[in-house]
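Here is the structure we will look at, set down as structure tokens.
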């Protein structure tokens, strides 16, 4: 009995750690990788063209690789929760017009996965932060082109 409770507790702790990793990793994908990639490109290059090629080549590749790792984590998370490891069979819920069926039936047929919600929320947050920076703070960081 105690061993079963300890096992359940450890399993829930592992699920929570995976969920936190997915959510934090999604934010890192959209905010941390571009920021870090631009910083690294700026420190390793000496001219504007080198920076442009390093940033345009490195940042998207790093984002694709990290996104792949996040989706592997999500497969592990869904497997631990007992959910389907692959996408729901049939049409995805977002492909069906809202007038075709009730939302409760649509959610039951194709529920939203954690990775989808985390990626959407982090992408919207990154876009809002970019717009706030651009309109309110970008003028503080004017660069002199030599």
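Just one of the listed residues (19, 3, 14) is part of a helix (DSSP H, G or I), in contact (Cβ under 8 Å) with a residue 40 or more places away in the chain, on the phi < 0 side of the Ramachandran plot and surrounded by fewer than 15 Cβ atoms within 10 Å (Cβ to Cβ), namely 14.
The condition of being in a loop (DSSP other than H, G, I, E, B), over 30 Å from residue 39 (Cα atoms) and modelled with pLDDT under 65 holds for only one of 86, 106, that being 86. So, residue 68, is that one at pLDDT below 95 and part of a helix (DSSP H, G or I) or not? Spelling it out, it is not the case that residue 68 is at pLDDT below 95 and part of a helix (DSSP H, G or I).
Taken as a whole, the structure leaves residue 8 outside the set of residues that are modelled with pLDDT under 95 and not in a helix (DSSP H, G or I).
The values are calculated or read from the model by the stated rules, or taken from the named source; none is laboratory data. Keep in mind that what you see is a predicted model, and the values were worked out from it rather than measured. Note: ideal-geometry Cβ built from the backbone for every residue, glycine included; neighbour counts use all protein chains shown.
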